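As structure tokens, the structure follows; a few thoughts come after it.
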Amino acid sequence: MTAGWLHMIVGGQPFLVQHRQVSRTVPVARVAEVQDERGHALRQVALAPLLGLPATPARHALLVPTRRRTVALLVEATDLFGLEGDLEPLILPVPPLIAQAVGHQWLGGVLIHNDYPLQLLDVRQIAQDALKQPA
Amino acid sequence: MLWAQSSDQTLLDQDRTYLLFRIGDEFFALESSSVREVLRWREAVPVPGTPPLLPGILVQRGTVYTVVDARRLLGFEATPATRASRYVLLQLEDQQIALLIDEVLDLVLLDRTRLEPVPATLAPQRARLLGGLIRTERALVALLDAAEVLAVLQAGGE
């Protein structure tokens, strides 16, 4: 299994994340124990409502470092993702009409996995944009 | 044959094959050259941040298609999909589009010499997307202009 990707469930829907964008994942119950580089509590952001998806109980937090601070993105579940035979996933570009229509830069592409279009989320961009919003 | 206009089966220069479909109580047709396939309805995978006109994406034969709700595109009230709902898979320039329609009816020959202009009273949102109207034995059929459909979608659906 390749170590470059994470599979996560947000609002009941699966997504793909580049592992290098995430410093680590922790159970939601432990997020409050984690501090950022300046010794501050992490900014916690529930990802499902941010993506317009149904709010579901979050069990995991992806710790995403940005230039300013580390953000904890709360998700339903997360796990390592890999293809059989250690194949590298072929990420297709976001369809042009979709890329044009969305009001954000959070989509990094689409991976067809078992005939399902798994969307690649740029969690670093999401974290950066979340920091621009009031806590 | 209820929809066919040509008096015999001979393909005339002015005859072209169209996919006939229904949205609400109205009938539309798309030139078959842009149609790749027709699919039974299945739930599209939502993409965060897309407008209701683009309910999501789906995969068919290894290709990702952008789902377009034809009801919203043509100014109809949005309704849930039914057992008769279908996706018409289109290749429009470099775009792969899955047009969600209420029901596929037939593949027919239509005589373009009988094309009538779009009424001036028709809502501009819909009029822009039509290449004309053709009367068949059964009903009036509006020809959807695939190039205009793409242009409208690229302009944000307006």
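Where a number appears in this text, it was derived from the coordinates with a stated rule and is not lab data. Source: prediction; values computed, not measured. Note that we place each Cβ from the backbone using ideal geometry, even for glycine, and neighbour counts take in every protein chain shown.
Within the stretch B:19-81, the GluC sites (Glu not before Pro) that combine a DSSP coil assignment with at most 13 other C-beta atoms in a 10 angstrom radius are B:43, B:77.
Using a cutoff of 8 angstrom between alpha carbon atoms and counting only pairs six or more residues apart, the relative contact order for chain A works out to 28 percent.
Each Lys and Arg contributes +1 and each Asp and Glu -1, all at the Cβ; summed about the Cα centre of the stretch A:39-135, the dipole is approximately 740 debye. Looking at the stretch A:42-103, the trypsin sites (Lys or Arg not before Pro) that sit in a DSSP loop and have at most 12 other Cβ atoms within 10 Å of their own Cβ are A:67.
Over the residues of the protein assembly as shown, the helix contribution to mean residue ellipticity at 222 nm works out to -3000 deg cm²/dmol, using -39500 (n - 2.57) for each DSSP H run of at least 4. Please say if the stretch A:1-89 is rounded, prolate or oblate, where rounded means a/c under 1.5 for a ≥ b ≥ c the square roots of the C-alpha gyration tensor eigenvalues, and otherwise the choice is prolate for a/b larger than b/c and oblate otherwise? Because a/c hits 1.5 or more and a/b fails to exceed b/c, the stretch A:1-89 counts as oblate. Restricting the chymotrypsin sites (Phe, Trp or Tyr not before Pro) of the stretch B:50-112 to loop positions (DSSP other than H, G, I, E, B) with no more than 16 neighbouring Cβ atoms within 10 Å leaves B:76.
Ignoring the sites themselves, chain B has its longest run without trypsin sites (Lys or Arg not before Pro) in a DSSP loop having at most 16 other Cβ atoms within 10 Å at B:84-127.
Using a Gaussian network model of chain B whose springs link C-alpha atoms within less than 10 Å, name the residue from B:57, B:97, B:134 with the highest mean-square fluctuation. It is B:57. Charged side chains reduced to their Cβ positions (Lys and Arg at +1, Asp and Glu at -1) give the protein assembly as shown a dipole of some 1140 debye around its Cα centre. Charging the Cβ of each Asp and Glu at -1 and of each Lys and Arg at +1, and nothing else, the dipole of the stretch B:94-158 about its Cα centre rounds to 240 debye.
When the Cα positions of A:25, B:33, B:143 are compared along the charge dipole of the protein assembly as shown, A:25 comes out farthest toward the positive end, with charges on each C-beta of Lys, Arg, Asp and Glu.
Each 10 Å bin from zero up to the one holding the largest Cα-Cα distance in chain B carries the following percent of pairs: 10, 41, 36, 12, 1, 0. Structural descriptor for the stretch B:33-136: relative contact order 24 percent, calculated from alpha carbon pairs under 8 angstrom and at least 6 residues apart.
Farthest towards the positive end of the charge dipole of the stretch A:1-124, among the residues A:112, A:45, A:15, is the Cα of A:45, using unit charges on the Cβ of Lys, Arg, Asp and Glu.
In whole Å, what is the distance between the alpha-carbon centres of the stretch B:116-158 and the stretch A:5-61? One Cα centre to the other: 46 Å.
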